[in-house]
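Chemist: Once you've had a glance at the structure underneath, I'll fire off some questions.
The values are calculated or read from the model by the stated rules, or taken from the named source; none is laboratory data. Source: prediction; values computed, not measured. Neighbour counts are summed over all protein chains in view; Cβ atoms, including those assigned to glycine, are modelled from backbone coordinates with ideal geometry. Calculation scope for accessible area: heavy atoms of the full protein, side chains included, ligands and nucleic acids excluded. Shrake-Rupley method; radii C 1.70, N 1.55, O 1.52, S 1.80 Å.
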Protein chains: 2
Amino acid sequence: MAAAPDLEVTGTEAAPAEGRGRRGRGGGGGREARRALRARPSQVQAPYITRNVPVYEILSEEALEIIEANADTIMEEIGIEFQDDEEALALWRDAGADVRGTRVHIPRGLARKLAETAPSSFTQHARNPARSVEVGGKNTIFAPVYGPPFVSDVDGGRRYATIEDFQNFVKLTYMLPSLHHSGGTVCEPVDLPVNKRHFDMVYAHMKYSDKPFMGSVTAPERAQDTVDMAKILFGAEFVENNTVCTSLINANSPMVWDGTMLGALKTYARNNQACITTPFILAGAMSPVTVAGTLAQTLAEAMAGIAFTQLVRPGAPVIFGSFASSISMQSGAPTFGTPEPAMVLYGCAQLARRLGVPFRSGGSLCGSKSPDAQAAYESAQTLNPTVMGGVNFVLHAAGWLEGGLVASYEKLLMDADQLAMMPTLLGGVDITENGQAMDAIREVGPGKHFLGCAHTQANFETAFFRSQVADNNTYEQWAAEGSRDAYTRMGDRVKTMLAEYQAPEIDPAMDEALVEFMAKRKASFPDSNI
Amino acid sequence: MAAAPDLEVTGTEAAPAEGRGRRGRGGGGGREARRALRARPSQVQAPYITRNVPVYEILSEEALEIIEANADTIMEEIGIEFQDDEEALALWRDAGADVRGTRVHIPRGLARKLAETAPSSFTQHARNPARSVEVGGKNTIFAPVYGPPFVSDVDGGRRYATIEDFQNFVKLTYMLPSLHHSGGTVCEPVDLPVNKRHFDMVYAHMKYSDKPFMGSVTAPERAQDTVDMAKILFGAEFVENNTVCTSLINANSPMVWDGTMLGALKTYARNNQACITTPFILAGAMSPVTVAGTLAQTLAEAMAGIAFTQLVRPGAPVIFGSFASSISMQSGAPTFGTPEPAMVLYGCAQLARRLGVPFRSGGSLCGSKSPDAQAAYESAQTLNPTVMGGVNFVLHAAGWLEGGLVASYEKLLMDADQLAMMPTLLGGVDITENGQAMDAIREVGPGKHFLGCAHTQANFETAFFRSQVADNNTYEQWAAEGSRDAYTRMGDRVKTMLAEYQAPEIDPAMDEALVEFMAKRKASFPDSNI
């Protein structure tokens, strides 16, 4: 690393552009430094981020109290539907709710009271213990996009997703250190029958990654298959006593929990596995057009879901989820990266903290059809509140395109690069003596440059975030290489990464047991596309 | 607006993508609603943003005190260079500094004490009083990119800027409501002689816009020309008693104020015009590689500059400026949108508030050579701390490309669209009864949609931010229109806007006086390119 003193300052032509500035005076050692850096070992991956900096809070105490009172009013006066699930209604009746038909009127304070048994944080175990995550508190966990029926890449364009695409997204996610979690339905493998594809999805997470993952929610028996496969992977006793999957239970907003979701929720909660109870809201369609209205409704729906998990099994791990965006009032199309959902996110994070449960929201959401500037602006405008607001579990943190209809290979890498910055930002300002760097300022003094000073040399390797996406070459170099934008550059990197992918080791006997389980279960009922 | 009840929800195909969700049930009135919306009058433009939400503060009280103490140490022990300006040294000597050669050692606390006479906020008057801005406090003002020698557009590519480009950027900025300030050197008109181009630049701001503007800083006499032209525009007496321009005075970091900048600073301060004293820092080259080190150095340089303005004229308006980015430790190239500069920005904003002066930093900075996803991610990652950290004066808020070497026509519009969201975000959550929307939730109830309810109708026009850049059409529509990305779409809009531009009215006698003044001054000395 002795090359640092001579590191060239190329490209600081930018400095005079701002009126004043100077070029660094470089020596000839720049190339050597670059070579050395390329050879350095990759950094150790943290299994999740723990923040050292404050969260941003947009709502005053008064506003929070009003919204919480309104959520209570919604639950008590209007009530929440629990549909196609007699057991759910009975549980609510026993808990003291006023059940009329499928409408559950929850007395003020009851849902919050029931939520008290939900843990404020929990460990989701990965099969590689070094990748287990702690969900809640000051932690942030990034998981990839969930649910798209389409995939796209720069060469092949937009097409229906297959199980091969699914495996590819699991592999890439495994290789990206900034993604802490393998996610769930990273794309919908539409080449497989609807009622059996969950086996192949869950197996892909287990086989091609060793990060924590999500389970199937589209039917209670598919949830049970997930748990049963987890018992093969982790051991039955371990699964009985520990959380090894976190699954997405969406409300049918406004104010409806339907039988399918309730069935999956009950299966997971009974098995002590985590659920994310998530009102899925495009404000203006599924909630009022205002932020405070959307917040109260989201809190009512989420809190009813959280309370219900505790009726099923007190102490079951559960996450307060919020998916909120708005619609274009011109066309009704969903829009992303706009300020209103950012405010909903900041507010919901506060409400979840007051409720004392982990919070899921945000991601790198966008409406753009291409991984272009629109996609990036919208994604960054979602990711920033996500990170600054203190979201614990971030689904859709990478790869989301076109309102979630498309999982983009290239955007997965672009977004992951943005996520990779967050440990630094959330780590906060280093105020140690080395961080203060007074020795460097003394050594260099007025009018000189810091490139070669002892402090720079000592901190050379870790000084600044290094993007894997940004092209920081000169215009001339960039033009000589074909003036390629970030999207097309990432197309190359996708191919390189998939070619370089190496699967984590798995006990062959365990792998065989998983394959056998799936084969047996698949043979036990006919294919169906429902 | 009665069409709202039937507004179609197109594009919510995205909802099922997240596991669960429903399509809105639209009627046939969508088209009518869209027509009505297109015809609505454009919204009234606020001359700047006043925040209702808290600022984000990353540094603890302890960290702030350490950094302030270090800044004092830098000023006292190492000292700050005031070069090629005997008068400056004399002023410092008289104020009690220990001046050795050109090095000014400022006793602990002196600079902060001198800064006390600087106003905590000031009005910069525009020739259209409705566009005057209040700089400081809870206000944020957006100004376009400053300084690029190149411009680019999607048809013509990258080329040297001309005075016609300059005028175009002034015109577009005038037309963009989210830009509150006309800026200064929006691009460098290299087709004009260096020593005379300031006349044409200042005149362009005066003639083609009625927003506030910045003056020339490249020589004291050019600063004086700016003031003299302002006296023609505003009247001499008005300029003597009011601030009508804000100009950019960059330090030659580390720890040097040079004669040129000091000359311009003195001219403006003496005329009671505002200066932005800005350390221009690419951390790792012009400052230590650490955030806390860069903060202490920035504070020392800025505070010395601010104090100096008060030595020249106590009470002169002055802004604490910080331009900070980092460099690639591989290549030395400047990098943008990375987490370390974001932390410097958050920290500097806190330091400026404690000093009690307005703060300038941030913008929509990027290193990308194209207005692509890289550009947008980097810009958003700069703009977010800018806005959440509480920057008062935001130079480079729109149009900056390629490390500031290029003013991009298309990116000006893209960035301006991002800026247009900020009044909503900084406005905070509406917690009035209308904001709470309990009547809407009661009216709609579980399982229905909010598109047609009375509350939605009442709030239809202002409900959500409407992007001028985002394409929210379906994939099929977008593909049918040529699958154009945001960059190419904006190319069209640039042409439309320039074709539609209408100059603000100016008194012909005043215009004539300005032209006459310039002609006389230009004829009084030979052209030069220095």
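Chemist: With the condition being within 28 Å of B:Y56 (Cβ to Cβ), I'd like the helices (runs of 4 or more DSSP H) fully within segment A:360-459 carrying at least 2 qualifying residues.
Modeler: Filter on segment A:360-459 gives A:373-389, A:409-419, A:422-427, A:433-436, A:438-444.
Chemist: A:S331 is checked against (1) open to solvent by 10 Å² or more (accessible area, probe 1.4 Å); (2) outside any helix (DSSP H, G or I); (3) more than 7 Å from chain B (Cβ to nearest Cβ) and fails just one. What number does that condition carry?
Modeler: With (1) open to solvent by 10 Å² or more (accessible area, probe 1.4 Å); (2) outside any helix (DSSP H, G or I); (3) more than 7 Å from chain B (Cβ to nearest Cβ) applied to A:S331, the lone miss is (3).
Chemist: Moving on. With the requirement that a residue be part of a helix (DSSP H, G or I) and over 24 Å from the mean Cα position of the chain (by Cα), what does segment B:309-322 give you?
Modeler: Of everything in segment B:309-322, those that are part of a helix (DSSP H, G or I) and over 24 Å from the mean Cα position of the chain (by Cα) turn out to be B:Q310, B:L311, B:V312.
Chemist: Look at segment B:136-145 and say how many of its residues are surrounded by fewer than 24 Cβ atoms within 10 Å (Cβ to Cβ) and either modelled with pLDDT under 95 or of a type outside the set (D, E, K, R) (or both).
Modeler: To start, the set of residues in segment B:136-145 that are surrounded by fewer than 24 Cβ atoms within 10 Å (Cβ to Cβ) comprises B:136-139.
Those left that are additionally either modelled with pLDDT under 95 or of a type outside the set (D, E, K, R) (or both): B:136-137, B:139.
Residues that pass the stated criteria total 3.
Residue-wise test of (1) out of contact with any Ser or Thr (no Cβ under 8 Å at 6 or more places or on another chain); (2) closer than 18 Å to A:A380 by Cα.
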| residue | (1), (2) |
| --- | --- |
| B:R353 | yes, no |
| B:Q374 | no, yes |
| B:V391 | no, no |
| B:L401 | no, yes |
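Chemist: Just one of B:E240, B:E340 is more than 26 Å from A:K448 (Cα to Cα), part of a helix (DSSP H, G or I) and open to solvent by 10 Å² or more (accessible area, probe 1.4 Å); which is it?
Modeler: Values: B:E340 fails: more than 26 Å from A:K448 (Cα to Cα).
Unique residue meeting the criteria: B:E240.
Chemist: For residues that are crowded, with 19+ Cβ neighbours inside 10 Å, in contact (Cβ under 8 Å) with a residue 40 or more places away in the chain and under 30 Å from the mean Cα position of the chain (by Cα), scanning just segment A:450-467, find the one that is nearest to B:V289 (Cα to Cα).
Modeler: A:F465
Chemist: Looking only at segment A:122-153, filter to residues that are within 12 Å of another protein chain (Cβ to nearest Cβ) and part of a loop (DSSP other than H, G, I, E, B); which one of those is farthest from A:R360 (Cα to Cα)?
Modeler: Per the criteria, the residue is A:P149.
Chemist: Could you check segment A:303-318 and list, in sequence order, the residues that are away from chain B (no Cβ under 14 Å) and of a type outside the set (S, T, N, Q)?
Modeler: In the first step, residues of segment A:303-318 are kept if they are away from chain B (no Cβ under 14 Å); the result is A:303, A:306-318.
Passing the criteria: A:M303, A:I306, A:A307, A:F308, A:L311, A:V312, A:R313, A:P314, A:G315, A:A316, A:P317, A:V318.
Chemist: Would you mind stating whether B:T382 is closer than 19 Å to A:E378 by Cβ, at pLDDT 95 or above and open to solvent by less than 10 Å² (accessible area, probe 1.4 Å)?
Modeler: Spelling it out, it is not the case that B:T382 is closer than 19 Å to A:E378 by Cβ, at pLDDT 95 or above and open to solvent by less than 10 Å² (accessible area, probe 1.4 Å).
Chemist: May I ask you to list the residues in segment A:199-225 that are in a helix (DSSP H, G or I) and under 20 Å from the mean Cα position of the chain (by Cα)?
Modeler: Listed by number, the residues that qualify are A:M201, A:V202, A:A204, A:H205, A:M206, A:Y208.
Chemist: Among the residues of segment B:49-71, are any open to solvent by 60 Å² or more (accessible area, probe 1.4 Å), touching a Leu at 6+ places or on another chain (Cβ under 8 Å), modelled with pLDDT of 95 or more and farther than 28 Å from B:F142 by Cβ?
Modeler: The answer is no, given that none of the residues of segment B:49-71 is open to solvent by 60 Å² or more (accessible area, probe 1.4 Å), touching a Leu at 6+ places or on another chain (Cβ under 8 Å), modelled with pLDDT of 95 or more and farther than 28 Å from B:F142 by Cβ.
Chemist: Identify the single condition in (1) modelled with pLDDT under 95; (2) among the small types (G, A, S); (3) within 30 Å of A:D200 (Cα to Cα) that A:G491 does not satisfy, given that it satisfies every other one.
Modeler: Among (1) modelled with pLDDT under 95; (2) among the small types (G, A, S); (3) within 30 Å of A:D200 (Cα to Cα), the lone unmet condition for A:G491 is (1).
Chemist: Turning to a different aspect of this structure: Give A:S253, A:S325 a once-over and let me know the one that is in a strand (DSSP E or B), crowded, with 24+ Cβ neighbours inside 10 Å, within 11 Å of another protein chain (Cβ to nearest Cβ) and at pLDDT 95 or above.
Modeler: Selected residue: A:S325, the only one of A:S253, A:S325 that is in a strand (DSSP E or B), crowded, with 24+ Cβ neighbours inside 10 Å, within 11 Å of another protein chain (Cβ to nearest Cβ) and at pLDDT 95 or above.
Chemist: Moving on. Is there a residue being among the small types (G, A, S) and touching a strand residue (DSSP E or B) at 6+ places or on another chain (Cβ under 9 Å) anywhere in segment A:451-461?
Modeler: Within segment A:451-461 (the criterion being among the small types (G, A, S) and touching a strand residue (DSSP E or B) at 6+ places or on another chain (Cβ under 9 Å)), the answer is no, since none of the residues qualifies.
Chemist: Can you spot a residue in segment B:434-449 that is of a type in the set (D, E) and either open to solvent by less than 10 Å² (accessible area, probe 1.4 Å) or modelled with pLDDT under 95 (or both)?
Modeler: For segment B:434-449, residues of a type in the set (D, E) and either open to solvent by less than 10 Å² (accessible area, probe 1.4 Å) or modelled with pLDDT under 95 (or both): absent.
Chemist: Quick check on segment A:88-101. Is at least one of its residues under 27 Å from A:H396 (Cβ atoms) and either assigned to a helix (DSSP H, G or I) or aliphatic (A, V, I, L, M) (or both)?
Modeler: no
Chemist: Just checking, which of A:T474, A:T496 is crowded, with 17+ Cβ neighbours inside 10 Å and hydroxyl-bearing (S, T, Y)?
Modeler: A:T474
Chemist: Here's a follow-up. Within segment B:228-237, can you find the residues that are on the phi < 0 side of the Ramachandran plot and open to solvent by 10 Å² or more (accessible area, probe 1.4 Å)?
Modeler: Initially, segment B:228-237 is screened for residues on the phi < 0 side of the Ramachandran plot, giving B:228-234, B:236-237.
Correct list: B:D228, B:K231, B:I232, B:L233, B:F234, B:A236, B:E237.
Chemist: May I pose another question? For A:E164, work out the one condition from (1) free of Cβ contacts under 8 Å to residues at least 40 places away in the same chain; (2) crowded, with 18+ Cβ neighbours inside 10 Å it doesn't fulfil.
Modeler: Result: A:E164 passes all but (2).
Chemist: Additional query: Assess whether A:D155 counts as being surrounded by fewer than 24 Cβ atoms within 10 Å (Cβ to Cβ) and in contact with a His (Cβ under 7 Å, 6 or more places away or on another chain).
Modeler: The answer is no for A:D155.
Chemist: Determine, yes or no, whether A:F234 is among the aromatic types (F, W, Y) and within 20 Å of the chain's Cα centre (by Cα).
Modeler: Working: among the aromatic types (F, W, Y): yes; within 20 Å of the chain's Cα centre (by Cα): no.
Spelling it out, it is not the case that A:F234 is among the aromatic types (F, W, Y) and within 20 Å of the chain's Cα centre (by Cα).
Chemist: Name the residues in segment A:417-465 that are under 20 Å from B:P385 (Cα atoms) and more than 7 Å from chain B (Cβ to nearest Cβ), would you?
Modeler: A:D417, A:L419, A:A420, A:M422, A:P423, A:L426, A:G427
Chemist: Going through segment A:353-379 one residue at a time, which ones are of a type in the set (A, V, I, L, M), surrounded by 24 or more Cβ atoms within 10 Å (Cβ to Cβ) and more than 7 Å from every other protein chain (Cβ to nearest Cβ)?
Modeler: Selection gives A:V357, A:L365.
Chemist: So which helices (runs of 4 or more DSSP H) stay within segment A:468-530 end to end and still have 1 or more residues that are among the polar types (S, T, N, Q), touching a residue at least 12 places away in the same chain (Cβ under 8 Å) and more than 30 Å from A:A236 (Cα to Cα)?
Modeler: A:486-500
Chemist: Identify all residues within segment B:403-420 that are open to solvent by 10 Å² or more (accessible area, probe 1.4 Å), among the aliphatic types (A, V, I, L, M) and closer than 14 Å to A:Y377 by Cβ; write none if there are none.
Modeler: The one that is open to solvent by 10 Å² or more (accessible area, probe 1.4 Å), among the aliphatic types (A, V, I, L, M) and closer than 14 Å to A:Y377 by Cβ: B:A420.
Chemist: Moving on. So in segment B:256-265, with the set limited to residues that are surrounded by fewer than 24 Cβ atoms within 10 Å (Cβ to Cβ) and not small (G, A, S), which one is farthest from B:I74 (Cα to Cα)?
Modeler: Looking at the filtered set, the residue picked out is B:T260.
Chemist: For segment A:271-299: of the residues being β-branched (V, I, T) and in a strand (DSSP E or B), which is surrounded by the most Cβ atoms within 10 Å (Cβ to Cβ)? It would help to see each step written out before you state the result.
Modeler: Here is the first cut: in segment A:271-299, the ones β-branched (V, I, T) are A:276-278, A:281, A:289-291, A:294, A:298.
Keeping just the survivors that are in a strand (DSSP E or B) gives A:276-278, A:281.
Numbers: A:I276: 30, A:T277: 27, A:T278: 28, A:I281: 28.
By that ranking, first place goes to A:I276.
Chemist: OK, next. Looking at A:V133, A:V104, can you tell me which residue is modelled with pLDDT of 95 or more, closer than 30 Å to A:G356 by Cα, touching a Ser or Thr at 6+ places or on another chain (Cβ under 9 Å) and open to solvent by less than 10 Å² (accessible area, probe 1.4 Å)?
Modeler: Answer to the check: A:V133.
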